[in-house]
Amino acid sequence: MTRVEHATTSSRIGLILIVLATLVLAAAPAWADRLTLRLLAEVFTFLTLASLWNLLAGYAGLVSVGQQAYVGLGGYLLFALTTFGGVHPIAAILLAGPLAALVSIPVASLIFRLRGAYFAIGTWVVAEVFRLLASQLSALGGGSGISLPAPIILAIAPTRSLREFEIYWLALGLTVIVLAALFILLRSRHGLALTAIRDNEVAAQSGGIDVGRLKFVVYLLTAGGTGMIGSLIFLMKLRISPDTAFSVNDWTAFVIFITVIGGVGRIEGPVVGTVIFFVLRQTLADLGSMYLIMMGAVAIGVMLWAPKGLWGLVAERYGWQALPLQRKLVISAET
Amino acid sequence: MSEPLLEVDSIDAFYGDFHALAGVSLRVGAGQVVAVIGANGAGKSTLLRSMSGLMHPRRGAIRFEGANISRMPAFDVVKAGVAMVPEGRRLFPSLSVEENLLIGAQSRRAGPWTLTRVYELFPVLAERRHLPATALSGGQQQMAAIGRALMANPTLLLCDEISLGLAPIILREIYARLSEIVREGISVIAVEQDIVQALRAASYVYCLQEGRVALQGRAAQLTRADISAAYFGV
Amino acid sequence: MTVWLNIILQGVLIGGLYAMFAAGLSLIFGVMRLVNIAHGDLIVLAAYLALVVTQTIGIDPLVSLLLVVPLMALIGYALQRGLLNFTLGDDILPPLLVTFGLSIIIQNGLLELFTADSRKLITGPIEVQTVQIAEGIWIGALPLIQFLVAIAVIAGLQTLFYKSALGRAFRATSDDQSVAQLMGLDTRHVFGMAMALSLAVVGVAGVFLAIRANFDPAIGPARLIFGFEAVIIGGLGSLWGTLAGGVILGVSQAIGAQIDPGWQLLAGHLVFLAILAVRPEGLFPKVAG
């Protein structure tokens, strides 16, 4: 008799730690000050963006340097839906996801004609097109951008503190939902297919996996998730402009660095990477371009000497996993 | 035999964890033709790859003209005088026939082999010199691959399964040319699946079986029974 | 009518510059299947190198080519052998991410050294000289020179690729690395030479960029994108196709700009996407992507 075993000691510990951490974080409005809440919300958004990028590049093998297209799209959808559609901001955020996924369909049909690194640059071109189109939208501020009108801000909650709490919980909630969805996906047989694609695409294709279709679906889901987080980000910022919405540095460079340094192709990688990124950012404070130079150098170093990232290094050495995702075939002698 | 030209001294070769060659020893003298035979997967190509520098043995040593070439990269091994005719010909598809021959001379070793001489040896190549290498027939490609290796002016030629996919009549012609080359002083190690041809061309034979030398001896003295036993591991 | 003819002509001429952006990119992809995300930033680096050279030695920018091009070639060789050779392999992630990291480093390094101020190199009277080629049709002398240089560069690369021993080495190595080594080619060196050549072309492109327009540390990615679009429009593997691609891109941008200045870049991107939709292999493809 055979069965597949997922859990290990480390994953049992990991699961407990994750649940504990989530509970502590959910209670944060009680123990954290406003600045810390804002920082935590920002950490959550980067963690989610990185996890989504990890799914796209680390599992489906689609290396995109243009996800800022959907971050910005999500942001502009928020402003458009609330200002012109009269939609409640929270509803707008939830709507932005499926809408971004819809937009990603024609985009995918175009850029999937490119392979490998040319695909990557293609995603960048798409992001540029989005940025240029946004600059042409005078109703949404054109090139200089627009601020979120006061009535819409008030619609979230009547007081400032309540707003901060709601946005914080929304950020935490969305992060938990996205990570949970990721976990469910990776545990499913589609997840198994993705792991196969990650390890050897040609072998996966010959094994009967419809690689093309799976990649397409993953691209859509990632675009949707990224769009949703994008609208959340710009709800937090209260202001949008084409350059901030579609910034390569903020939404791609940092996200990629986080994932690479943490570990591509493992669900825990972005978590480790986000923590390291923010610790560095807080301690190194205002170094501007030097900070980016260092991040670039560290990312290069990690890619050359620890291509599986810091978590990958540790996980491979000790066989750890924080979540029960591994698949171990157990053959027992019973009849 | 006097000082061998090439000596493989009890090498072990691995592909990752897979133990491809175990304690294999072999020697080739000047002007000699040695055949290496064995079933698929016996390790024949691995042996040639180790000799040519494409891979390096984990244990043991390979000595050419007295010098240890075990750790030498392939591009230095050919400069030392060992040229390979790879399995499956592997001509460069982006290059014409003549360009393929010219690139064989990349190592710039001095010697008698020039484009003219190669064209004398294989006139059919001269007729097709400007065609893309892929436009040649199997036999012609084999000739081009041999010519390309000759352009490196080697003292030792490694031939990896040149009989593969070739009609017997073409094969006979190619082996006839090979004997001309040997008469000029080049030694040959020929890995072959075609045992008959191998025994006809070589003076000494090694038979590999699952990574080890199962049988070796003068071609003239080995019996059919010996070879079958060694080949199939019976 | 002559207005449109002039516009199209401008587009054609800048297409030459785009083709130069693209040529180095195309070369590297052809030889080692590497796409250098930092390519555009290296063009900007070359522009700043030209700035430093002209300011410290006081020579004319066009003359600075004599220094910038060999310097960039050296940088290319060192970059390939010191860093990029270690990223090559079956996995596409390392070269992509390493060159992306390089792009960020170069951009911010230039920002630290030179600030975000816009610069431009002045060459003197040749900048405003025009040449009349037909009734009512005038083109700038400098754009014309640059277009002719682009043609010369591409012709030079073609000759090198198909008629020289180095070109043979490039083609053989790109076909089959192992067998190339069996022929005596040190592939590390071959790749180094390919990158040196690519950055030499980048050097030419950078100097002309510096003369032609304002530049600052952040404009690299856009140059990469223009080069990439020219390659895709023209078709992978064909250098003359890349020239055609550059021209088509330049003309699209020029027409777009005429319709509305804000539409200049957008027009180029939209034409690129249209060609990607309708003929993804490009107009004159030679190899499969």
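Where a number appears in this text, it was derived from the coordinates with a stated rule and is not lab data. Given the structure is predicted, the values throughout are model-derived calculations rather than measurements. Counting neighbours? That spans all protein chains shown, and the Cβs are built from the backbone with ideal geometry, glycine included.
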- Would you give the gap between the C-alpha center of segment A:263-335 and the C-alpha center of segment A:47-77, rounded to a whole Å? 18 Å
- Task: Determine, for A:Ser289, A:Ser109, the number of other Cβ atoms within 10 Å of each Cβ, and report the residues in order from fewest to most.
- Result: A:Ser109, A:Ser289
- Item | Residue-averaged [θ]222 nm for the protein assembly as shown, counting only DSSP H segments that reach four residues, each worth -39500 (n - 2.57) | -20000 deg cm²/dmol
- Output the direction-averaged projected area (hull surface divided by four) of the convex hull of the alpha-carbon atoms of segment C:148-271, in nm². 8.8 nm²
- Would you mind calculating the relative contact order of chain C from Cα pairs under 8 angstrom and at least 6 residues apart, reporting the percent as a whole number? 36 percent
- Task: Find the Cα radius of gyration of segment B:6-232, compare it with 2.2 N^0.38 Å by division, and give the number to two decimals.
- Result: 0.97
- Put a dot 7 Å past each Cα toward the Cβ at A:Ile18 and C:Ser164; how far apart are the dots in nm? 5.7 nm
- To the nearest 0.05, what FRET efficiency results for A:Val217 and C:Thr2 with a Förster distance of 51 Å applied to their C-beta separation? 0.45
- Query: Around B:Arg212, which amide H atoms from residues at least 5 apart in sequence, or from another chain, sit under 5 Å from its own amide H, with H modelled in the peptide plane?
  - Reply: B:Ala22
- Query: Given a cut-off of 31 Å, what percent of all Cα-Cα pairs of segment A:2-331 lie beyond it?
  - Reply: 31 percent
- Query: With the contact rule set at Cα under 8 Å and sequence spacing of 6 or more, what percent relative contact order holds for segment B:44-127?
  - Reply: 21 percent
- Using Cα atoms only, what is the angle between the long axis of helix A:68-85 and the major principal axis of chain A, expressed in degrees (0 to 90) to the nearest 10? 40 degrees
- Note on the structure: Treating every alpha carbon of segment A:1-85 as one equal point scatterer without solvent, the Debye formula yields log10 I(q)/I(0) values at q = 0.11, 0.18 Å⁻¹ of -0.57, -1.06
- Roughly what would the spin-label model give for A:Trp169 and A:Arg317, points 7 Å off Cα along C-beta, in nm? 4.2 nm
- Name the trypsin sites (Lys or Arg not before Pro) in segment A:81-137 that are in a loop by DSSP and that have at most 13 other C-beta atoms within 10 Å, would you? A:Arg115
- List, in order, the whole-Hz ³J(HN,Hα) value for each residue of segment B:208-224 obtained from phi through the Karplus relation with A = 6.51, B = -1.76, C = 1.60 and θ = phi - 60°; use x for Gly and Pro. 9, 8, 6, x, 10, 7, 8, 7, 8, x, 5, 4, 5, 9, 7, 9, 4
- Message: As an exercise, find the ratio Rg/Rh for segment C:223-274 from alpha-carbon atoms, using the Kirkwood inverse-distance average for Rh.
- Response: 1.00
- Query: Taking the Cβ-Cβ separation of C:Asp175 and B:Ser10 as r and a Förster radius of 35 Å, what is the calculated FRET efficiency to the nearest 0.05?
  - Reply: 0.50
- Size-normalised alpha-carbon gyration radius of segment B:111-151, reference 2.2 N^0.38 Å: 1.06
- Item | Label point 7 Å beyond Cα of A:Phe84 along Cβ direction - residues of segment A:236-264 with amide nitrogen under 19 Å | A:239-243, A:245-246
- Message: Can you give me the distance in nm between label points at A:Gln136 and A:Leu162, each placed 7 Å from the Cα along the Cα-to-Cβ direction?
- Response: 4.2 nm
- Task: Report the local net charge at B:Asn100: Lys and Arg +1, Asp and Glu -1, summed over other residues whose C-beta lies under 12 Å from its C-beta.
- Result: +3
- Query: If you take the Cα atoms of the protein assembly as shown, find Rg, then find the Kirkwood Rh from the mean of 1/r over all pairs, what is Rg/Rh?
  - Reply: 1.03
- Note on the structure: To the nearest 10 degrees, the tilt of helix C:141-163 (Cα long axis) against the first principal axis of the alpha carbons of chain C is 20 degrees
- Item | Euclidean distance between Cα centres, segment C:160-201 to segment C:209-237, Å | 25 Å
- Note on the structure: The long-range amide H neighbours of B:Tyr204, using H built 1.01 Å from N in the peptide plane and a cut-off of under 5 Å, are B:Val33, B:Ala35, B:Ala219
- What's the FRET efficiency of C:Gln132 with C:Leu283 using the Cβ-Cβ distance as r and R₀ = 41 Å, to the nearest 0.05? 0.85
- Please work out the C-alpha center-to-center distance from segment B:119-181 to segment C:114-158 and express it in whole Å. 52 Å
- Message: If each residue of separation counts as 0.36 nm, what is the full-extension length gain between B:Ala225 and B:Arg172 once their alpha-carbon separation is subtracted?
- Response: 16.6 nm
- Query: Out of residues 5 or more away from C:Leu236 or on other chains, whose amide H comes under 5 Å of its own, with H placed 1.01 Å from N in the peptide plane?
  - Reply: C:Lys286, C:Val287
- Task: DSSP loop (so not H, G, I, E, B), at most 16 other Cβ within 10 Å: list which chymotrypsin sites (Phe, Trp or Tyr not before Pro) in segment C:230-281 pass both filters.
- Result: none
- Query: ³J(HN,Hα) across segment A:196-211 via Karplus (A = 6.51, B = -1.76, C = 1.60, θ = phi - 60°), whole Hz, x for Gly/Pro?
  - Reply: 5, 4, 4, 7, 6, 5, 5, 4, 4, 4, 5, x, x, 7, 7, 4
- Note on the structure: Karplus ³J(HN,Hα) for segment C:95-102 (6.51 cos²θ - 1.76 cosθ + 1.60, θ = phi - 60°; Hz, whole; x = Gly/Pro) runs x, 5, 6, 5, 5, 5, x, 4
- Item | Per-residue Cβ neighbour rank within 10 angstrom, fewest leading, C:Asp90, B:Asp9 | C:Asp90, B:Asp9
- Exposure proxy check on A:Ser161, C:Ser198: fewest-to-most Cβ neighbours within 10 Å is A:Ser161, C:Ser198
